[in-house]
1. For the range 117-182, give the magnitude of the charge dipole about the Cα centre (Cβ charges: +1 Lys/Arg, -1 Asp/Glu; no others), in debye to the nearest 20.
2. Can you compute the helix-only [θ] at 222 nm over the chain? Use -39500 (n - 2.57) per DSSP H run of at least 4 residues, normalise by all residues, nearest 500 deg cm²/dmol.
3. Enter the Cα centre distance for the pair the range 123-177 and the range 10-81, rounded to the nearest angstrom.
4. Using the alpha-carbon atoms, what tilt in degrees (0 to 90, nearest 10) does helix 62-83 show relative to the longest principal axis of the chain?
5. From the Cα trace of the range 86-181, what convex hull volume per residue do you get, rounded to a whole Å³?
6. Cross-link candidates for LYS62: which lysines have Cα within less than 21 Å, leaving aside residues fewer than 8 places away along the same chain?
7. At 0.36 nm per residue, and after removing the present C-alpha to C-alpha distance, how many nm does the segment from ALA22 to GLN107 gain when stretched out fully?
8. Gain in length, LYS76 to TYR173, computed as 0.36 nm per residue apart minus the alpha-carbon separation, to one decimal in nm?
Amino acid sequence: MVQHVEWLIDIPESVNVILDGARVSVEGPKGKLERDFHLKNLVMEKIDEDKIIRVSMPHAYKKEKAMIGTISSHIKNMVKGVSEGFEYKMKIIYAHFPMNVKLDGKQLIISNFLGEKSPRKANLFGNVTVKVSGEFVTINGINLEEVSQTAANIEIATRVKKRDPRVFQDGIYLYERDGVPI
């Protein structure tokens with residue numbers, strides 16, 4: 001069934017959004033993000049004195065409706081990122097061998113994980129800042145995808161292999177996302 005789909009996105013006073021065809025540029029106090037959204041018949045426009053963005057499609061099927069919702073969520077995340085930023089908190093947990101975690105450029109080096117001789121490495125994705133203090137790792141950035149991918153890389157680097165995961169629960173795990181406990 002074909003329907004008209006429309007999403008409205010509120011823009012705070014401190015954020016400036018530039019729409020150039022399928023390209024969206026969002027600039028705020030924390031930085032600037034740009035992204036292309038190519039979708040046939042997609043209409044993005046500013047309304048109500050540039051305080052609201054309307055993302056719509058005149059004749060949309062089920063998959064196009066889903067894409068409009070996804071694009072709207074990406075734009076909302078861009079607006080939140082440049083105005084507030086994103087913060088993920090992870091905790092270093094070990095029971096068997098004390099794990100050492102340190103930063104080395106664009107990598108997080110995890111040594112003595114489960115007593116292994118060679119260190120494990122997690123790549124830091126994009127333009128994020130990572131801080132290691134005691135048993136906590138904090139990841140900050142303005143792009144949600146970069147922050148969450150960095151957290152995922154760290155969790156994957158400490159995945160327990162060839163051991164019983166019920167006994168060996170060591171690793172670095174995400175416990176808080178933007179102030180909300182998981």
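What follows is calculated from the coordinates using simple rules that are stated; it is not laboratory data. For clarity, every value in this text was computed on a predicted model and none was experimentally measured. In this analysis, Cβ positions are derived from the backbone assuming ideal geometry, glycine residues included, and neighbour counts consider all displayed protein chains.
1. In debye, rounded to 20, the range 117-182 gives about 520.
2. That comes out to -6500 deg cm²/dmol.
3. Cα centroid of the range 123-177 versus Cα centroid of the range 10-81: 30 Å apart.
4. Computed tilt is about 70 degrees.
5. 93
6. Output for LYS62: LYS40.
7. Extending this stretch completely gives an extra 27.2 nm.
8. Value of the extension gain: 32.3 nm.
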